[in-house]
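Read-outs: derived from the displayed coordinates by stated rules, not from any lab. Fair warning: this is a prediction, and the values are worked out from it, not measured in the lab. Cβ placement follows ideal geometry from the backbone for every residue including glycine, while neighbour counts extend to all protein chains displayed.
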Amino acid sequence: MSQREISIAQLTATRASGAVVWIRLYVGLIFIGEGFLKFLRPDSLGPGRFAKVDIPFSTFTAYLDGVFEIGCGAAILVGLLVRLATLPMIVDMIGAIAFTKVPLLFGSAALYPKEHGFLDFFHEGRLEFAMLCGSIFLLIVGAGAYSLDSRMNRSFDSPMNQDRTPTRVPVAAV
């Protein structure tokens, strides 16, 4: 295996406390909820919102984002391939901040026409920054003790999966 290859065992490895389940709970549930809202409220939170901030292919992009938020949010919630699931969500939060919150700093935010400046940017971006920080935290520490990643990693380390090649014993010269 080369240095660039990553095994499932390495991807799911975690030494983090079981308390990480609380971070996974809030990050996963919010992503799942926001993903469903893109479908349930298309004008205000789905394609309509994406079109308002000039995101290209707004309908396709909004629904694709919703699918990723639901899928990755569910994976984060149950602790399955958490490090992998956080990557698209980090990109998602950076995009949300760039398209919807940064324009507040310059007074040109399509979603917030009466707001501008750092304090409005700080206030309106609190959820995106919290989700970004939570996702980066999970990327760094992994899913924690109470997760499917941890269970899978324990099964990789079990004696049943160890190399079963017999120990070579030197034969005495006769």
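The figures follow:
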| quantity | calculated |
| --- | --- |
| Within the chain: Cβ-based charge dipole about Cα centre, in debye rounded to nearest 20 (Lys, Arg +1; Asp, Glu -1) | 480 |
| Overall Cα dimensions of the stretch 98-144 - principal axes, largest extent first, Å | 42, 17, 12 |
| Calculated FRET efficiency for the pair Leu29/Ala9, C-beta based, R₀ 25 Å, to 0.05 | 0.35 |
| Sites Val67 and Glu115, calculated FRET efficiency, Cβ-Cβ separation with R0 25 Å, nearest 0.05 | 0.25 |
| Normalised contact order of the chain, rounded percent, pairs of Cα under 8 Å and 6 or more residues apart | 30 |
| Dipole axis of the chain (+1 Lys, Arg; -1 Asp, Glu on Cβ), positive-most option in Phe36, Ile136, Thr14 | Thr14 |
| Among (1) 50; (2) 69; (3) 64, the entry that matches percent of Cα pairs over 19 Å apart as calculated here | (3) |
| Environment charge at Leu80 (Cβ cut-off 13 Å; Lys +1, Arg +1, Asp -1, Glu -1) | +2 |
| Cα-based reach from Lys101 at 16 Å (exclusive), listing lysines while leaving out same-chain residues under 8 positions away | Lys52, Lys114 |
| Förster radius 22 Å - calculated FRET efficiency between Ser108 and Phe129, Cβ distance, rounded to 0.05 | 0.65 |
| Cα gyration tensor shape of the stretch 63-142, rounded if a/c is under 1.5, else prolate or oblate by comparing a/b with b/c | prolate |
| Separation in nanometres of the label points that stand 7 Å from Cα toward Cβ, at Val141 and Val91 | 2.6 |
